[in-house]
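First the structure, in the form of structure tokens, and then the observations on it.
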Amino acid sequence: MSARTHQGVSPAPPIAPGTRLPWWAAALPVLVFTALLALMATGPGAPAARGDAEVGRVLQRIQQTLTP
């Protein structure tokens with residue numbers, strides 16, 4: 001009698017070329033990143049308020065870049 005060998009996990013099928021993400025799959029991470037960045041820049045525990053000057057300067061530079 002021969003021993004059975006384990007074949008392992010079969011590879012995943014390739015993604016179909018017509019597969020598309022819904023609109024919110026791209027918009028949601030951008031929205032969350034923007035909200036967290038705004039909280040960091042303007043929240044009560046903002047880095048500039050704590051005296052962390054380097055992070056405060058980076059956030060200030062980003063804010064200057066994004067505001068018209």
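Among LEU31, LEU21, LEU37, a tally of other beta-carbon atoms within 10 Å of each Cβ gives an order, fewest to most, of LEU21, LEU31, LEU37.
Computed from the Cβ-Cβ distance with R0 of 22 Å, the FRET efficiency linking PHE33 to VAL9 stands at 0.05.
Readers should treat all values here as calculations from the given coordinates under stated rules, not as data from a laboratory. Nothing here was measured: the structure is a model prediction, and the numbers come from that model. Positions of Cβ are generated from backbone atoms using ideal geometry, with glycine treated the same way; all protein chains shown enter the neighbour counts.
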